Amino acid sequence: MSAYREDGRTVVLIPDRMSAAEEKRWVERMLDRLDARESRQIRGDDELAARACELSRKYLGGRAKPRSVRWVTNQNTRWGSCTPSEGTIRLSHRLQGMPEYVVDYVLLHELAHLLEPDHGSRFWALLEAYPRTERARGYLEGVVAARLPAQRESH
Ligand SMILES: [Zn+2]
């Protein structure tokens with residue numbers, strides 16, 4: 001299986017024995033990989049802070065104003081964290097190399113926590129403007145599932 005871009009089109013090659021459901025799942029996965037390869041890598045803290053400003057302006061009317069936004073390497077169970085009282089946001093370095101829309105989602109999620117600390121309906125209403133919330137959540141769930149130890153087959 002492979003995916004590439006050619007003359008402005010995206011070509012995904014998959015075996016023809018797949019069911020429509022499998023095909024859909026694989027096409028999405030290949031497109032995610034392609035996205036990740038091409039993603040404008042946000043590596044530095046300055047870039048991350050600039051991105052946070054952009055997302056706040058675009059989706060939260062500029063109301064979320066973090067005091068500091070940083071990448072951290074010591075966060076292994078969460079993708080991001082936010083301390084609203086201090087206005088600080090931390091993103092796990094494990095997000096680096098993932099598709100840009102996934103990094104954006106986590107960043108926007110933490111920005112929204114500056115305005116709504118809890119995961120209540122008002123919190124999710126803030127994220128409604130971001131069109132890829134569901135897809136990004138699905139992507140991250142897939143990453144977590146892939147990392148779980150494989151179940152042993154019983155005979
Ligand atoms: Zn949250």
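Values in this text are rule-based calculations from the coordinates and carry no lab data. Here the structure is a predicted model, which means the values were calculated and not measured. Neighbour counts run over all protein chains shown; Cβ positions are idealised from the backbone, glycine included.
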Could you compute the longest span of the chain free of GluC sites (Glu not before Pro) located in DSSP loops and having at most 12 other Cβ atoms within 10 Å, not counting the site residues? 1-85
Mean-square fluctuation maximum in Gaussian network of the chain, Cα pairs under 10 Å, restricted to Pro131, Pro84, Pro66, hits Pro131
Spin-label pair Glu134/Ala20, simplified geometry with 7 Å Cα→Cβ offset, distance in nm: 1.8 nm
Where in the chain are the DSSP H helices whose C-alpha atoms run 20 Å or more along the long axis and whose mean Kyte hydropathy is at least -1.0? 45-59, 100-115, 133-147
Quick one: net charge around Ala112, please, counting Lys, Arg +1 and Asp, Glu -1 for every other residue with C-beta under 14 Å from its C-beta. +1
Can you give the alpha-carbon Rg of the chain over 2.2 N^0.38 Å, where N counts its residues? 1.18
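Among Arg51, Arg135, Arg17, which comes first, then next, by fewest other beta-carbon atoms within 10 Å?
Numbers: Arg51 19, Arg135 15, Arg17 7.
The most exposed by this proxy come first: Arg17, Arg135, Arg51.
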Among Arg122, Arg132, Arg90, determine the one that fluctuates most according to a GNM of the chain built with springs between C-alpha atoms less than 10 Å apart. Arg122
Candidates Ala145, Ala125, Ala49; GNM for the chain (alpha-carbon contacts under 10 Å) flags as most fluctuating Ala145
What's the FRET efficiency of Thr77 with Ala36 using the Cβ-Cβ distance as r and R₀ = 22 Å, to the nearest 0.05? 0.50
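To the nearest 500 deg cm²/dmol, what mean residue ellipticity at 222 nm is calculated for the chain from DSSP H runs of n ≥ 4 alone, each contributing -39,500 (n - 2.57), summed and divided by the residues? Could the numbers behind the result be given before it?
On the way: 5 runs with 72 residues, N = 155.
Rounded to the nearest 500, the figure is -15000 deg cm²/dmol.
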Note on the chain: contact order normalised by length, alpha-carbon pairs under 8 Å, 6 or more apart, percent, works out to 18 percent
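Could you compute the net charge surrounding Leu140? Neighbours are other residues with a C-beta less than 12 Å from the C-beta of Leu140; K and R count +1, D and E count -1.
Numbers: positive: Arg78, Arg94, Arg132, Arg135, Arg137, Arg147; negative: Asp32, Glu134, Glu141.
That works out to +3.
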